[in-house]
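Participant: The structure is given below, and queries will be raised subsequently.
The values are calculated or read from the model by the stated rules, or taken from the named source; none is laboratory data. Predicted model only: the values in this text are computed from it and were never measured. Cβ: placed from backbone, ideal geometry, glycine included. Neighbour counts: every protein chain shown.
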Amino acid sequence: MVDELYNALFKELTGWCRAMTRNAQTAEDLVQEGFLRALTNSQLFEALSFPQQRAWLYRTIRNLYMDRLRHASFETIMEEMPEEAGEATEYERIDNELLLSALTEEERVLFVLRYMEGYNATELGEMFQLPPSTVRTRLSNARRHLRQMLEEKYPPGKAWR
């Protein structure tokens with residue numbers, strides 16, 4: 001069953017994944033890993049219709065890619081962090097904490113999960129039992145509040161010191 005699906009969808013999935021990752025090798029790795037997951041979950045997978053299997057593969061591959069991005073960004077940050085930047089990094093962390101502390105608890109939680117943890121509005125909506133549009137509105141309000149605070153601290157047109 002998975003063999004037939006592999007033959008039918010490999011090129012399609014690899015092309016889509018190549019456009020998403022901009023790397024042919026990464027795209028092939030993700031597609032292979034997606035099909036490996038399908039084999040691992042073969043009982044569940046075989047109970048699905050072809051369109052459902054196709055959708056399952058797309059979602060699984062996208063999730064695998066998002067996981068790679070999250071892990072890669074963390075690893076890159078840790079590998080490239082200069083040793084002498086400890087003081088500047090500490091000041092930046094304090095500034096970020098101060099800015100985020102000015103947000104309401106709800107705005108702060110959504111903002112951190114969306115922009116620092118990488119969840120999308122749909123995933124956040126599922127977590128907090130909210131429609132994705134409500135999540136996007138609340139994130140927009142949080143960004144607006146942060147922008148206002150930054151403009152008060154650093155007015156446009158003035159040199160930063």
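Participant: So which pairs qualify, if the first residue must be in the stretch 98-127 and more than 21 Å from residue 71 (Cα to Cα), the second must be modelled with pLDDT of 85 or more and among the small types (Gly, Ala, Ser), the Cβ gap must be under 7 Å, and the two must be at least 6 apart or on different chains?
Facilitator: 103/142; 107/142
Participant: Of all residues being of a type in the set (A, V, I, L, M) and under 14 Å from residue 17 (Cβ atoms) in the stretch 44-64, which is surrounded by the fewest Cβ atoms within 10 Å (Cβ to Cβ)? Just the residue, please.
Facilitator: Start the filter on the stretch 44-64 by keeping residues that are of a type in the set (A, V, I, L, M), which leaves 44, 47-48, 55, 57, 61, 64.
Checking the rest, the ones that are also under 14 Å from residue 17 (Cβ atoms) come to 57, 61, 64.
On the way: 57: 22, 61: 23, 64: 18.
Ranking the qualifying residues of the stretch 44-64, first place goes to 64.
Participant: May I ask you to list the residues in the stretch 102-159 that are on the phi > 0 side of the Ramachandran plot and within 21 Å of the chain's Cα centre (by Cα)? It would help to see each step written out before you state the result.
Facilitator: Step one: list which residues in the stretch 102-159 are on the phi > 0 side of the Ramachandran plot, which gives 118, 129, 157.
The answer is 118, 129.
Participant: Working carefully through the options 88, 142, find the one that is among the hydrophobic types (A, V, I, L, M, F, W, C), assigned to a helix (DSSP H, G or I) and at pLDDT 85 or above. Give the derivation first.
Facilitator: On the way: 88 fails: at pLDDT 85 or above.
From the options 88, 142, the qualifying one is 142.
Participant: Quick check on the stretch 5-48: of everything there that is acidic (Asp, Glu) and modelled with pLDDT of 85 or more, which residue is farthest from residue 61 (Cα to Cα)?
Facilitator: Filtering the stretch 5-48 for residues that are acidic (Asp, Glu) and modelled with pLDDT of 85 or more, the one farthest from residue 61 (Cα to Cα) comes out as 12.
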